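Engineer: Have a look at this one.
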Amino acid sequence: MFTGASKYFLGLTAGAVVSFVLYLLFVTPNDLGAIALGTVVLVAGTLAGVTLFNRDAEADTIEDATGAASQPLSNSVWPLVCALGVALMVVGLASVAMVFLIGLGVLALGAIEWLVQDWAEGASADNKFNAFIRERALNPLELPIFAAIGAGVIAFSFSRIMLAMDKSAGAILFIIIASAVLLVGFLNAFKPNFRGKIVAVLAAVAGVALIAGGVATALSGERSQLAEASAEDHFAHKECGEEKSKYFDKLANNRVPLRSGVTATVILEDGKLRAEMIGFPEPTRYVTIPKANDVSILFRNKDAEDRRLKLTLGTEVVAETGVEEKLYTCTQMTGEDQENVLVVNIKKQSSVAGPYELVVPGIDDAIEVVVP
Amino acid sequence: MKRMMSPRRLTALAGVLGVAFLAGCAKNAPQDTWQPKGPNAEKIDNLNWLVFPIAGVVGVIMLALFAVVMVKFRDRGQPIPKQTHGKPALEVTLTIIPALILSVVGVFTVRGIFDLAEDKDTEMIINVTGQQWWWEYDYPIQEEYGVAQPIITSGQMVIPAGTKVLLRETSRDVIHSFWVPALNGKKDAVPGRIHLLRMEADEPGIYAGQCAEFCGLSHANMRMEVVALSKEDFAAWVKNQLADYNAPAKDTLAKQGEEVFLNQCVRCHQVNGLKRADGTPAIAAPEDNVYAGAAPNLTKFMARNTFAGAMFDLVNKKCREDVWGASSSEFGTKYLAGVTEDCLNTTDLRAWLRNAPVMKPMYANPEKLEPTDGKYRGMPNLNLTEDDIDKLVAYLLTLR
Amino acid sequence: MAIIERPEATPAVPGAPSVPATVTPSSSLGALKRPVTTTGWKSWLFTVDHKKIGIIYGVMGMFFLVVGGVEALLIRLQLASAEGKVLNASVYNQMFTMHGTTMVFLFAMPTANAFANYFLPLQLGARDVAFPRMNALAVWLTLTGGIILNLAWFLGGAADGGWFMYAPNSGPIFSPSNGVDFWVIGLQIAGIGSLIGSINLIVTVLNMRAPGLSLMKMPVFSWMMLVVQFLLVFSLPVITVALALLMFQRSFGATFFDVAQGADPLLWQHLFWIFGHPEVYILVLPAFGIVSEILPTFSRKPLFGYPFVVFSGAAIGLVGFGVWAHHMFASGLGPVSVAVFSVATMAIAIPTGVKIFNWTLTMWGGKIWFAAPMKFAIGLVVLFTFGGLSGVTHSVAPSDTQQTDTYYIVAHFHYVLFGGMVFGLFAGFYYWWPKIFGKRLNERLGSWNFWLMFIGMNMTFGPMHILGLQGQPRRMYQWTENRAGEGFFDLGFWNMIASVGSFVLAIGVLVFFINVLWTSKKEPKAPLDPWDARTLEWITASPPKEHNFDRIPTVTHLDEFFHRKYQEDHATETMTPIKTAEEILAEEEANGESHIHLPSPSYWPFVLATGVGILGLGVIYGVPTMIIGASVVLVAIFGWVLEPSVAEDFDYEGTSHDDGPSKELTTHG
């Protein structure tokens, strides 16, 4: 299976890999030596691959050689692709690392395609057979990779555009694009002699527009509301007041699937609170939690108005300003007969850092939380 | 050789061995699952006495059957036997009989399961929290038992005898399992969940247990005991736990020990009522030093008689036999006496203070704490001098 | 047709229309020829022959039996006395984790696969399995997984969370060393191997049986293996998911089992045991199959109640998926779940009992020959009965809350797994050794082997019943005097007996290896049919020729071979011998087929398995290693697909005779 030259290069590659790994493991700092050995690995490996593919560029029979050599060479775009890859790599070295990596990928892709095309063309005198084996060998890679790249580019461009546009403008644009696609598909389905070339041109134009739009909007950034939301971390703020908070109470999650992890259920009924702790036969006016333990407290609202459950966790002095700030956490707004859960881990005893209380803003009642 | 190994003799041998086997049980194994000392363990024991004899009888019958078959049908030169392929009637019968037996067992089993899960008649509640590699117990406020404020202890859980106690188990880190065989089966303590386990002892006494779910390095060393006291003794115990802190007298070794304690131990261990030199209460901060956020509370430490996750005795051998072997009526008084100086197991306590990780493998090497953000899982080696240890031991003896 | 067959080249003549090329097979392009060596190490590394693959599985299994056995002996040495100092806590925890993992995944499953691979095609009258290259891939993946698992010993400590690896203890905080990562990757890879093997064998059984061999005429061993493969197909994906979740938690920062992020640690337990319970039936059913062959052969009677045995096996497999939470009775499930699983566990005792009765009734009225295979088979029946009965005591959930996580459980599963599965595998070795290697294992050494193992096993695991019921929990690196009770028969005594017994057991296993060596040097060649057996695999040479059967047999009876040898007279109920095994084989040879096409060896399964191994190691050691592994995998997959479908000059030409019909075996593997 292995020809003479390929055996030599494979052996060289194997030796170089072993030396490379050993060098990395045992020599520190590893720098020039690592680069040198790594280069040997790459070069020897490439040569091994090339000689394997070409079987040392020796033809088995005169017929094979003359048969292959008698075919005129066909066009090939791969040298161009390889050149593009090299160019991107050079540009990337001077600018952004990502461009260098993209260039590397393009180079690898072009090189593989080129090699395989060369091998396929030398396989026999029959063009159709050659094309068949080239496709057979590479389609399993080409189709998924190109499809993934294509889908990725389209999705990415589209997402950048949507993120940059105003919400309503974005909705309108989306409707327009979707309708256009639907229209083209409709025409295609009902007018079979719709010129394929026109569709292709339209698709190309649309594609270019999409990608250009995507690149432009990616560079210009997201719309201001989004930038502001991420800077101010809107959805992480817990505004635990009596009223509905603009961001924190959006899409309140009012169904709680977990049951076994709940240490206590706090129920608001008729303006009064009570706690039902697992294992306690009667409802209690306090909840006891071991310190430094992750516990879940379930809040069930049986009153008509939306309420939230808030746990006050004492106060803390902020180091820089010396201001004593109140600590608390809360659930989202909970509607009638709905539930929400509070997950807490209280590190200090209530006698020291307390008192801790479960309250419902707007209701004059409290359940004490005892952390012994 | 063949005669010696004849099936008949072998069966006899097996029978003799089997009987010897059954007689060969340890006496007074502290965690014997067949010596129930409380109603829950008794319910389980009743089920045991249903299913084990059935299994035993079936086993003996099958053994006899095998022996008969091997003797009766061995090759004695007979011709190739009749090639019977099966008797469906017989097989169906032999399928139905075990099914019937198991149905009976099943009915009793299901009843037992629901019986043991009953918790509406709970009389007392204790929260149990497992942590690598010790158990913490906290008693929520229950005025009817004199618990006016929460009590936190570890290692030995004290309960009133004849009372339906319900444990609310959870964990701070990995899964542990609370198991005191004399009183009930085991129940896992799972972080983020609360599991309920009933605990009731008929008589006062001390009942041994161990963590029964693999929880890491020192799983073997994570133990506990349940101490049952009569109702009066339990009230006295509660009163003692809630009593004020006795500061040691000035200029005693114990006072110096208190200083050492304030310097070294208070980082993790809490003693209620302990005050610093300037009069402020000394609050332990295990959440800063221990990954799981807690360390054993040492208030009234010498009221217990084991330490380090109930792995080592606080009492020396003589006193241990005295307390552990006491009869139900005397046990309470002996236990409540606590650990006095002449009963103290100085060797183990000093060894622990000298270098805890050597006594009990823990994750306490200061150079290897990166995965837990620099916090310990267990007690580190504090590099105390022998002098410091003398002082500390004197101080700890005052915690009664 | 693979793509690399080069069309015949005719030099094009300028001006003339191009002649369409014809394609002749096996003239390959480029580097992708298939290997053709039939002897030497290359023939083993690149083989796709099910018999060689079976032997590779067997050698692998026995090697890991020794590894796991040494781990067990170290455990028993540590536990022989109170507060033992043989192993420290960390090493002990690694030891029992690896003992369990090695024994289950690297000894038991591969050895069962050894028998399945070797004998399923032979028992079915086939020449190989359905997908020979996949078969090779499966064995090399299993070996890769085993190597990765055990590499951890040398690279920072093995996994130490128990073979069941409960979360959150298995997470990156509580198990910071790489050991658990190696465990996850090694098991994942071995699991892929098992899954591939299972699909392969299912297709083989369903599609490649000899003419006339209906499912209800299949030998019970084939039936049990079929059930096992279905169990694998449905249970392995569950542990694959569990291992993937754990891998993402440990290596990529996911929080599937992180309680602070809202996870429930019981998720792991459910996933693991939904796999873990069918796994134990995967382990024991092959042994049941083996003894269901041996007991009839050595009692000279057919298996009593063949349909019942087959259906009970299938029932065990099916119901086995419904009892997993009996491993979780103390885990806080709630009384309703516990009750349901308790009853289901009792239910599964019934089909198991059916088998025991059928085996006993097979021997009843027979003409029992106590050769070594029969000793081991009867040993299985006796020991498994005990193990099964203690299992029934576990099914009572309240009792189980006292028993679980104690040595009583250890006793139970060692009785069913060692007494059951291992004895069955050894029975299989003694029974089939003459078929595989042409010689019978020495009978005297076999007797010593059996008795030492039997006595050792009872000595080791019998006392564990007492230890467990008297309160010694499992997975403890040391036990102490103050929990050991008093009296002569305290827990210390029984621990010592168990430890001594484990060494007796080890010596027994050693005798097996001595027997293997002795047999290869000193035993004479065995006759073709040493046990007067009943099933198809005996109508072959010993060892079988590469193509198994000169002529695929046509089957008319259950126990086909026995019916060719004996004529039954229903009136007098006697069996008259009509042909000897040698005569039957000679007849098959005389009518052999002329052109038998066999699957050719291939490099790529081995390369692919290596690539998967490197890819797995990359999860631990970083993306560059993953890239290298992925490249090797990609190259191997391409090589596999693009290689010629046959090597040149590889077909077997039968002994010369007139042109008979040529039977091509179409393989697509």
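The values are calculated or read from the model by the stated rules, or taken from the named source; none is laboratory data. What you see is a predicted model; the values in this text were computed from it and never measured. Cβ: placed from backbone, ideal geometry, glycine included. Neighbour counts: every protein chain shown. Areas reflect the complete protein model, heavy atoms only, side chains present, ligands, DNA and RNA absent. Shrake-Rupley method; radii C 1.70, N 1.55, O 1.52, S 1.80 Å.
Engineer: What nm distance separates the two modelled labels at residue A:189 and residue B:245, each placed 7 Å from Cα along Cα→Cβ?
Structural biologist: Reported label-point gap for residue A:189 and residue B:245 is 8.1 nm.
Engineer: Summing Lys, Arg as +1 and Asp, Glu as -1, what charge do residues with Cβ under 10 Å from the Cβ of residue A:306 carry, residue A:306 excluded?
Structural biologist: Its environment carries a net charge of -3.
Engineer: Among the residues of segment B:257-294, which ones have their accessible area go down by 30 Å² or more when all the protein chains sit together, as opposed to their chain alone (1.4 Å probe)?
Structural biologist: Buried on complex formation: B:283, B:287, B:291.
Engineer: Could I ask something else about it? Once you've got the Cα coordinates, tell me which of A:347/B:43; C:51/C:301; C:355/C:521; B:27/B:231; A:128/C:51; B:187/B:375 are over 32 Å apart.
Structural biologist: Among A:347/B:43; C:51/C:301; C:355/C:521; B:27/B:231; A:128/C:51; B:187/B:375, the Cα-Cα distance tops 32 Å for A:347/B:43; C:355/C:521; A:128/C:51.
Engineer: Antiparallel as a % of all DSSP beta bridges within segment B:122-400, to the nearest 5?
Structural biologist: Close to 65 percent.
Engineer: What share of the DSSP beta bridges in the protein assembly as shown is antiparallel, in percent to the nearest 5?
Structural biologist: The antiparallel proportion sits near 75 percent.
Engineer: Name the aspartates and glutamates eligible as straight-distance cross-link partners of residue B:391: C-alpha to C-alpha under 15 Å, and not fewer than 8 places from it in the same chain.
Structural biologist: B:251, B:258, B:259, B:341
Engineer: Convert each backbone phi in segment A:205-218 into a coupling constant with the Karplus relation 6.51 cos²θ - 1.76 cosθ + 1.60 (shift: θ = phi - 60°), then list the ³J(HN,Hα) values in order as whole Hz, x for Gly and Pro.
Structural biologist: Ordered by residue, 3J(HN,Hα) equals 4, 4, x, 4, 4, 4, 5, 4, x, x, 4, 4, 6, 4 Hz.
Engineer: Also: Give the interface area between chains C and A as buried accessible surface, both sides summed, probe 1.4 Å, in Å² to the nearest 100.
Structural biologist: 2100 Å²
Engineer: Now, a different point. Partner chain Cβ atoms within 10 Å, averaged over the residues of C:261-267 - can you pull that number for me?
Structural biologist: The per-residue average across the peptide is 5.
Engineer: For the protein assembly as shown, which whole percent of the accessible surface, found with a 1.4 angstrom probe, sits on carbon and sulfur atoms?
Structural biologist: 65 percent
Engineer: Okay, next question. Across the residues of C:462-472, average count of Cβ atoms on other protein chains within 10 Å?
Structural biologist: Mean number of neighbouring Cβ atoms from other chains: 5.
Engineer: For segment B:346-360, in order, what is each residue's ³J(HN,Hα) by Karplus, 6.51 cos²θ - 1.76 cosθ + 1.60 with θ = phi - 60°, in whole Hz (x at glycine and Pro)?
Structural biologist: Ordered by residue, 3J(HN,Hα) equals 4, 4, 5, 5, 5, 4, 5, 5, 5, 7, 5, x, 6, 6, 9 Hz.
Engineer: On to the next question. Take the alpha-carbon centre of segment C:31-94, take the same for segment B:132-150, and report the distance between them in whole Å.
Structural biologist: 53 Å
Engineer: Name the longest site-free stretch of chain C, where the excluded sites are GluC sites (Glu not before Pro) in a DSSP loop with no more than 13 other beta-carbon atoms within 10 Å.
Structural biologist: Counting at most 13 other Cβ atoms within 10 Å as exposed, the longest clean stretch of chain C is C:84-572.
Engineer: Same structure again: So what's the gap between the Cα centers of segment B:32-80 and segment B:314-359, to the nearest angstrom?
Structural biologist: Using only Cα atoms to place each centre, the spacing works out to 43 Å.
Engineer: Can you pull out the cysteines in the protein assembly as shown that have no other Cys Cβ under 4.7 Å?
Structural biologist: Here A:82, B:25, B:211, B:215, B:265, B:268 come out as lacking a disulfide-compatible partner, given the Cβ-Cβ threshold of under 4.7 Å.
Engineer: Still on this structure, please answer the following. Which value, in Å², gives the accessible area per residue of the protein assembly as shown when a 1.4 Å probe is used on the protein heavy atoms?
Structural biologist: Accessible area per residue: 42 Å².
Engineer: Under a straight-distance cross-link criterion of Cα-Cα below 19 Å, which aspartates and glutamates are reachable from residue A:250, leaving out those fewer than 8 residues away in the same chain?
Structural biologist: Straight-distance partners of residue A:250: A:228, A:232, A:233, A:239, A:242, A:305, A:306, A:336, A:337, A:339.
Engineer: Give, rounded to the nearest 20 debye, the magnitude of the charge dipole that chain C has about its Cα centre when Lys and Arg contribute +1 at Cβ and Asp and Glu contribute -1 at Cβ.
Structural biologist: 880 debye
Engineer: At a probe radius of 1.4 Å, figure out the B/A buried accessible area, summed over both chains, and give it in Å² to the nearest 100.
Structural biologist: 1900 Å²
Engineer: Now for a different question. Taking amide H positions as placed in the peptide plane 1.01 Å from N, state which residues far from residue B:189 in sequence (5 or more) or on other chains have amide H under 5 Å from it.
Structural biologist: Result for residue B:189 returns B:176, B:177, B:178.
Engineer: Going by a 1.4 Å probe on protein heavy atoms, which residues of segment B:59-85 end up with at least 40 Å² less accessible surface in the whole assembly than in their chain alone?
Structural biologist: Relative to the lone chain, where solvent access is computed with a 1.4 Å probe, segment B:59-85 loses at least 40 Å² at B:62, B:66, B:69, B:70, B:73, B:75, B:80, B:81, B:82, B:83, B:84, B:85.
Engineer: Which FRET efficiency value, to the nearest 0.05, do you get for residue C:510 and residue A:315 by plugging their Cβ-Cβ distance into 1/(1 + (r/R0)^6) with R0 = 56 Å?
Structural biologist: 0.20
Engineer: I would also like to ask the following. Measuring from label point to label point, each 7 Å out along Cα→Cβ, what is the residue A:28 to residue B:288 span in nm?
Structural biologist: That separation, rounded to one decimal, is 3.3 nm.
Engineer: Pairs A:244/A:302; C:42/C:439; C:33/C:525: which exceed 27 Å Cα-Cα?
Structural biologist: C:33/C:525
Engineer: Evaluate E = 1/(1 + (r/R0)^6) for residue C:521 and residue C:444, where r is the Cβ-Cβ distance and R0 equals 22 Å; express this FRET efficiency to the nearest 0.05.
Structural biologist: 0.90
Engineer: Counting only other residues whose beta carbon sits under 15 Å from that of residue A:275, what net charge do I get with K and R as +1, D and E as -1?
Structural biologist: 0
Engineer: From the phi of every residue in segment B:267-276, what ³J(HN,Hα) in whole Hz does the Karplus formula 6.51 cos²θ - 1.76 cosθ + 1.60 yield, where θ is phi - 60° and glycine or proline is x?
Structural biologist: Using θ = phi - 60°, the values come out as 3, 10, 9, 9, 10, 5, x, 5, 10, 6 Hz.
Engineer: I need the calculated FRET efficiency for the pair residue C:621 and residue A:98, taking r as the beta carbon distance and R₀ as 35 Å, to the nearest 0.05.
Structural biologist: 0.90
Engineer: In terms of Cα to Cα distance under 13 Å, which aspartates and glutamates are near enough to residue B:334, apart from those fewer than 8 places away along the same chain?
Structural biologist: Cross-link targets: B:233, B:321, B:322.
Engineer: Which chymotrypsin sites (Phe, Trp or Tyr not before Pro) in segment B:196-253 sit in a loop by DSSP (not H, G, I, E or B) and have at most 15 other Cβ atoms within 10 Å of their own Cβ?
Structural biologist: B:245
Engineer: Now for a separate question. How shielded is A:289-302 by partner chains, expressed as the average number of their Cβ atoms within 10 Å of its Cβ atoms?
Structural biologist: Mean shielding by partner chains, rounded to a whole number: 5.
Engineer: Over the heavy atoms of residue C:311, what accessible area does a 1.4 Å probe trace out, to the nearest 10 Å²?
Structural biologist: So the heavy atoms of residue C:311 present about 130 Å² to solvent.
Engineer: How much accessible area is lost when chains C and B come together, counting both sides, with a 1.4 Å probe, in Å² rounded to the nearest 100?
Structural biologist: Chains C and B together bury roughly 8700 Å² of accessible area.
Engineer: Does anything in segment A:334-353 have its amide N under 20 Å from the 7 Å Cα→Cβ label point of residue A:274, and if so which residues?
Structural biologist: It comes to A:336-340, nothing else.
Engineer: Whole angstrom only: what separates the Cα centroid of segment C:113-155 from the Cα centroid of segment B:288-313?
Structural biologist: Using only Cα atoms, the two centres lie 52 Å from each other.
Engineer: Something else: Between residue A:176 and residue A:14, what is the label-point separation in nm under the 7 Å Cα-to-beta-carbon projection?
Structural biologist: Modelled inter-label distance: 6.4 nm.
Engineer: Let me ask something else about it. Of all DSSP beta bridges located in chain A, what percent are antiparallel, nearest 5?
Structural biologist: 75 percent
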